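First up is the structure itself, then whatever we jot down about it.
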Amino acid sequence: QTLLLGQTFEARGNPMTTPWEEVITVNSGGAVLIEAGRISDLGDARLLRRAYPDATVHDYGHHLICPGFVDAHVHYPQTAIIASWGKQLIDWLNTYTFPEEMRLSDPAYAQAIAARYLELALDHGTTTMCSYATIHPGSVDAFFTAAGARGLRTVAGKTCMDRNAPEGLRDTAQSAYDDSKTLLERWHGQGRASYAITPRFSPTSTSEQLSALGALWAEHPDCLMQTHLSEQLPEIAWVRDLFPAARDYLDTYEAHGMVGPRAVYGHAIHLEPREKDRIAEAGAALVHCPTSNTFIGSGLMDVAGLAARRIPLGLATDTGGGSSFSMLHTMAAAYEIAQLRGTALHPAQLLWLATAGSARSLHLHGQIGTLVPGQEADITILDLASTPAIAQRSSAANDIWEAVFPTIMMGDDRAIADVWIKGAKRVAMEPAPG
Ligand code: GUN
Ligand code: ZN
């Protein structure tokens, strides 16, 4: 038994569809009991200390005890090209992304990047991520092996592309089906791993490939299907040229069996009314990638409008299109984008999106995303005074949310006091050579 004491972030419902005050609280004298890798009790520190006198106590004082952050859309292979200058989506893919993804054909390089990425993510308090790999099956093995060595709950899949990508970075409809199936059978449900069928996006898949992957998904409906949707206007115009018969971008997926409750679409900025209706009806999730959307110049997602339609929303870095590994930085960018659209997201909503919201978008809400007893004990401890700039503001706070918000807006890896993975305090691992 381990007892963590501090200020506990407690979510009992969705603050994007219910007033946040009704479903989110912070207990300033809270405690979380961990047993056998799971949260087994949550409540007042005084009561829990008395109830579990033999538990090992970690007193975090005024630190905020949060569920571990969940990054619902990331490209781990792009770790080494984060913050590459001067391009928008299609040029950025061709100039920076594809040459780097080519390098992951070398399993040793893939292993080194997977380890480097996971250590960086953990440094920033992220305990679960849903990642794209590259077209190389070895890049999936590298990721799940490195995640398993760290005990992490993760989702990933082989990125499939059979056109509009350079030689060496293309598969075929048949090999995408075969390789994805082999990887899915190897990894889905293995320890804490889940497999996501992963066509990159319509421009890099033929109809044949989308059909093959749609068929694979129909054979394995408990897997997620992740892809990109309506991120940037020139991309949407390109999709229109490539699929002249499609009603809209979503229809290029829908026509191939790639719309359903376990679909997870990244970006979804420039949606047509029909697309929003269909996504809501299907129960599919959308993932907001705010640092990417400003960095690559994509646009401003309508988070409030989509949430009002009860579409499940996740939050994500989209590293390396996104410009940060930090979910704190990502929450700050989400706040700023919402401001530009005339809504102020509350810190309770931002923290919820980065934890329970993202977990729900990945259908992992039964396992992770809150501090509710029964959940796996993935926990991130936030120091609310991690730098002088933050400390001088949070020390003048009138309530807990004023104390938390400066860390959301200005915090980075220095704010991550500790990370707990399945009930064990994280020990940083040596980055692999390479
Ligand atoms: N659309 C297709 N591939 C990508 C990618 O790697 N990053 C982003 N941001 N958008 C994409
Ligand atoms: Zn992406």
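The values are calculated or read from the model by the stated rules, or taken from the named source; none is laboratory data. Here the structure is a predicted model, which is why all the values come from computation and not from measurement. Here Cβ is always computed from backbone atoms with ideal geometry, including for glycine, and neighbour counts include all displayed protein chains.
Considered as a group, the residues in segment 97-106 that are in a helix (DSSP H, G or I) and more than 13 Å from ligand 2 (Cβ to nearest atom) include one that is surrounded by the fewest Cβ atoms within 10 Å (Cβ to Cβ), and that residue is PRO99. Every residue in segment 141-161 that is buried (at least 22 other Cβ atoms within 10 Å of the Cβ) and more than 15 Å from MET225 (Cα to Cα), please. Scanning segment 141-161 gives ALA142, PHE143, PHE144, ALA146, ALA147, LEU152, ARG153. Scanning segment 314-327 for residues that are crowded, with 24+ Cβ neighbours inside 10 Å and out of contact with any Cys (no Cβ under 9 Å at 6 or more places or on another chain) yields THR319, GLY320, PHE325, SER326, MET327. In this structure, does THR127 turn out to be modelled with pLDDT of 95 or more, among the polar types (S, T, N, Q), assigned by TED's automatic domain parsing to the domain that holds PRO166 and away from ligand 2 (no atom under 16 Å from the Cβ)? So THR127 passes the test.
Within segment 234-258, the set of residues being part of a loop (DSSP other than H, G, I, E, B), buried (at least 17 other Cβ atoms within 10 Å of the Cβ) and either out of contact with any helix residue (DSSP H, G or I) (no Cβ under 7 Å at 6 or more places or on another chain) or outside the structural domain of SER211 (by TED's automatic domain parsing) (or both) comprises ALA255 only.
Conditions tested, residue by residue: (1) closer than 23 Å to LEU118 by Cβ; (2) part of a loop (DSSP other than H, G, I, E, B); (3) within 22 Å of the chain's Cα centre (by Cα).
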residue	(1), (2), (3)
ARG393	no, no, no
ASN398	no, yes, no
TRP401	no, no, no
VAL404	no, no, yes
MET409	no, no, yes
ARG414	yes, no, yes
ASP418	yes, no, yes
MET429	yes, yes, yes
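Could you list all residues from segment 259-279 that are of a type in the set (A, V, I, L, M, F, W, C), more than 16 Å from ligand 2 (Cβ to nearest atom) and part of a loop (DSSP other than H, G, I, E, B)? Hits for segment 259-279 are VAL259, LEU271.
Could you check ALA72 against (1) surrounded by fewer than 19 Cβ atoms within 10 Å (Cβ to Cβ); (2) in contact with a Cys (Cβ under 7 Å, 6 or more places away or on another chain) and say which number it fails? The one condition ALA72 does not meet is (1).
Residues are listed down the side, and each one gets a yes or a no for (1) modelled with pLDDT of 95 or more; (2) among the basic types (Lys, Arg); (3) within 30 Å of GLY297 (Cβ to Cβ):
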{"site": "GLY30", "(1), (2), (3)": "yes, no, no"}
{"site": "GLU35", "(1), (2), (3)": "yes, no, no"}
{"site": "GLY43", "(1), (2), (3)": "yes, no, no"}
{"site": "PRO53", "(1), (2), (3)": "yes, no, no"}
{"site": "VAL70", "(1), (2), (3)": "yes, no, yes"}
{"site": "PRO77", "(1), (2), (3)": "yes, no, yes"}
{"site": "LYS87", "(1), (2), (3)": "yes, yes, yes"}
{"site": "PRO99", "(1), (2), (3)": "yes, no, yes"}
{"site": "ASP106", "(1), (2), (3)": "yes, no, no"}
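A single entry from GLY86, GLY61 fulfils the requirement of being small (Gly, Ala, Ser), surrounded by fewer than 20 Cβ atoms within 10 Å (Cβ to Cβ), within 16 Å of ligand 1 (Cβ to nearest atom) and over 20 Å from PHE325 (Cβ atoms): GLY86. Does LEU42 meet the test of being away from ligand 2 (no atom under 16 Å from the Cβ), outside the structural domain of ARG153 (by TED's automatic domain parsing), in contact with a Gly (Cβ under 8 Å, 6 or more places away or on another chain) and not charged (D, E, K, R)? Spelling it out, LEU42 is indeed away from ligand 2 (no atom under 16 Å from the Cβ), outside the structural domain of ARG153 (by TED's automatic domain parsing), in contact with a Gly (Cβ under 8 Å, 6 or more places away or on another chain) and not charged (D, E, K, R). Flag set for GLY320, criterion: assigned by TED's automatic domain parsing to the domain that holds THR159, under 15 Å from the mean Cα position of the chain (by Cα) and either at pLDDT below 95 or within 21 Å of ALA83 (Cβ to Cβ) (or both).
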